[in-house]
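Student: The structure under discussion is supplied below as structure tokens; questions concerning it will follow.
The values are calculated or read from the model by the stated rules, or taken from the named source; none is laboratory data. What you are looking at is a predicted structure, and each value in this text was computed from that prediction instead of being measured. With ideal geometry, Cβ positions are generated from the backbone for all residues, glycine too; neighbour counts draw on all protein chains shown.
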């Protein structure tokens, strides 16, 4: 199963470090999501159970206080954007439950690494390269455009490692 | 008369149309349009109105409530590639066009866009490679109960507006030599006007008038050639107030190069019913290598004002003599009456690809203002406005950025704007409320290396290698600006990450709309440029925003679709046939999914 071709070629050493996510890599509902992140939700609950009541309140206050920064870190992509990616990914990798899981993991990873604006910039460049006729497409091959695409490719390379 | 005519055509045959279409009936078409364009509920021409202001008198959607806009309905065209232009609304019917294969749909607005009829011409796909810049089409025109479409293969076709049946069709040029149809026709009185694309193939440009009744060619005026070909009177036709004299075009070309000289007419047309003049611009001279075609190359890069009945040119103005950068002069001519120097003037305002905005008196062709509408423009310092100067009206070219000066096989670097201009065909809008022009722009520069090229009919005749990059000093490749054409000053400027290739719309509600390549429809405050609303459509927007009213409710609509569905950008890499296992099958699957490509998104306010 293969994801983005250019990303396949880029070496993992070029991959940017992911922002540290405390509980798991799923965006949107970090406290409750299931998955294979570094500190999954069930672990969080286990820690909470072992914690004395008065400390649990303090932990909740800390967690909720950190929420807005969290949401920002997680670059909450609109559901339509994630669904669109999964559609494309499954068209390429198969209409199976397995592909769905991997493709969803892939876009969630990308969303955790790349702000939505950067994602849309890269997407626009790739789309215009494919489609803008003649010299109209020229500016989408400039070094600035290459940089925009590289950001996405690096996130995709990381997604490849984590999900495929 | 018009009603009975449409019914006749709906019933029937070309013969009946020939029999029943008297000149009186045909005459009424243009008069109807003059009345119909005043009704803001309709959009009866691709330019919104004859004056190309792209201003709508509708104000249900305004600065206070535009933030609440929602998608009312969408329509998928089923065609990928760039969707330029915008739909028409005539009564209860919307007419939507597509890029190649140039389908036309009639949609029933009483039933959320149900398809009433579809026209899809059979065209030779060999026309695709001779389209320089994507397989675009900028729209259809309406008049006399017919829909007019200039197809990629230069077939001009008249369809019955009620049934989609072909009433007549005529070939306007030869795609075999690189001529194509991309522009939106315009109907004036009893004629329909079309031009041609093909500057990259040495196609000599022309504007032609066809009788809307039967498709008979009435006149054709070339951009280059003999006075007879040009439809000029050497004594009466003027340039900057002086007669152009005999052989004005031939004298400015070496030998018979004018025959493959370009100057194509693929932009927008506007019309002043009082002055009875049709306005349009001609494109770049062919080839892109200036060394190969010495002289001013008249009348490429020129604003024309012609009598629509006879085609005779009243005045001309060449903006970029001897073009060295591919700065086509085809962008729209916006006709607006504004006070200047203490009196009302009949103005023509034109945002040229060369980065200068020109304000002229549209009755006489007198040049009033020529100013840069992007500070990045560097190929010329200014346009000489001294009437006594021998260079009056000409740009003062900077040697460093002159590709003629640097010469063949040498790279002229850092020229601003790039070949696609500070603005391309995507039309600007004008609001009589604010007196400002709203202009989608490119903020991109280029390196340009001309080389010698020989002409073969139907083969690219370009002769230059280009690379493009954002203008120095920033990362934004576009701006959406508000422009004062009387002073030649930018009032406000909203930076955009990418060039803005969507046409603007100004409304009485104080809201200006445009689209972005990321796919956002944006609404901004006409006074300040403040963003009031944005919505992500399924694909990049290079279409023109339009608004209409149906059943007492205002709608805003725009075509998106450049590169198809947004996810395809990612999918393209993902499905590279060389990518490895599984990818080839995936490519086919994805193509099926993305054939949903171009989309018309229609917006409205939620029920209150």
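Student: Quick one: in segment A:139-148, which of the residues that are under 23 Å from residue B:133 (Cα atoms) and in a helix (DSSP H, G or I) is farthest from the chain's Cα centre (by Cα)?
Tutor: This residue is A:139.
Student: Applying the selection to segment B:95-137, what residues are away from chain A (no Cβ under 14 Å), within 20 Å of residue B:48 (Cα to Cα) and in a loop (DSSP other than H, G, I, E, B)?
Tutor: B:98
Student: Which ones in segment B:178-210 are under 15 Å from the mean Cα position of the chain (by Cα) and within 17 Å of residue B:30 (Cβ to Cβ)?
Tutor: B:184, B:185, B:186, B:193, B:194, B:207
Student: If I ask for residues that are more than 14 Å from chain A (Cβ to nearest Cβ), part of a loop (DSSP other than H, G, I, E, B), in contact (Cβ under 8 Å) with a residue 60 or more places away in the chain and surrounded by 24 or more Cβ atoms within 10 Å (Cβ to Cβ), which ones from segment B:139-178 would you list?
Tutor: B:139, B:140, B:144, B:145, B:161
Student: Within 21 Å of residue B:46 (Cα to Cα) and either at pLDDT below 95 or in a loop (DSSP other than H, G, I, E, B) (or both): does that describe residue B:268?
Tutor: Values: within 21 Å of residue B:46 (Cα to Cα): yes; either at pLDDT below 95 or in a loop (DSSP other than H, G, I, E, B) (or both): yes.
Yes, satisfied.
Student: Another question, then. Of the residues B:56, B:76, which is on the phi < 0 side of the Ramachandran plot and surrounded by fewer than 24 Cβ atoms within 10 Å (Cβ to Cβ)? Let's see the steps before the verdict.
Tutor: Values: B:56 fails: surrounded by fewer than 24 Cβ atoms within 10 Å (Cβ to Cβ).
It is B:76.
Student: So which of B:382, B:400, B:387 ends up being part of a loop (DSSP other than H, G, I, E, B), modelled with pLDDT of 95 or more, surrounded by fewer than 16 Cβ atoms within 10 Å (Cβ to Cβ) and over 19 Å from the mean Cα position of the chain (by Cα)?
Tutor: B:387
Student: Pairs under 6 Å by beta carbon, first residue modelled with pLDDT of 65 or more in segment A:66-94, partner surrounded by fewer than 21 Cβ atoms within 10 Å (Cβ to Cβ) and assigned to a helix (DSSP H, G or I), six or more apart or different chains?
Tutor: Matching pairs, first to second residue: A:75/A:116; A:77/A:116; A:86/A:104; A:90/A:99; A:91/B:589; A:91/B:593; A:93/A:99.
Student: Residue check: is residue B:570 closer than 23 Å to residue B:79 by Cα, facing chain A (nearest Cβ under 8 Å) and modelled with pLDDT under 90?
Tutor: It is true that residue B:570 is closer than 23 Å to residue B:79 by Cα, facing chain A (nearest Cβ under 8 Å) and modelled with pLDDT under 90.
Student: All but one of (1) surrounded by fewer than 24 Cβ atoms within 10 Å (Cβ to Cβ); (2) modelled with pLDDT of 95 or more hold for residue B:536, so report the exception by its number.
Tutor: (2)
Student: Against the condition surrounded by 18 or more Cβ atoms within 10 Å (Cβ to Cβ), modelled with pLDDT under 95, more than 14 Å from every other protein chain (Cβ to nearest Cβ) and outside any loop (DSSP other than H, G, I, E, B), how does residue B:26 come out, does it pass?
Tutor: Working: surrounded by 18 or more Cβ atoms within 10 Å (Cβ to Cβ): yes; modelled with pLDDT under 95: yes; more than 14 Å from every other protein chain (Cβ to nearest Cβ): yes; outside any loop (DSSP other than H, G, I, E, B): yes.
For residue B:26, the condition - surrounded by 18 or more Cβ atoms within 10 Å (Cβ to Cβ), modelled with pLDDT under 95, more than 14 Å from every other protein chain (Cβ to nearest Cβ) and outside any loop (DSSP other than H, G, I, E, B) - is met.
Student: Could you check segment A:145-162 and list, in sequence order, the residues that are under 30 Å from residue B:200 (Cα atoms) and surrounded by fewer than 17 Cβ atoms within 10 Å (Cβ to Cβ)?
Tutor: Of everything in segment A:145-162, just one residue is under 30 Å from residue B:200 (Cα atoms) and surrounded by fewer than 17 Cβ atoms within 10 Å (Cβ to Cβ), namely A:146.
Student: Quick one: what pairs do we get from segment A:113-126, first residue outside any helix (DSSP H, G or I), second surrounded by fewer than 22 Cβ atoms within 10 Å (Cβ to Cβ), C-beta under 8 Å, 6+ apart or different chains?
Tutor: Taking only residues 6 or more apart or on different chains, the pairs are A:114/A:75; A:114/A:151; A:115/A:75.
Student: Check segment B:450-470 and report whether any residue there is at pLDDT 95 or above, surrounded by 24 or more Cβ atoms within 10 Å (Cβ to Cβ) and farther than 26 Å from residue B:280 by Cα.
Tutor: yes
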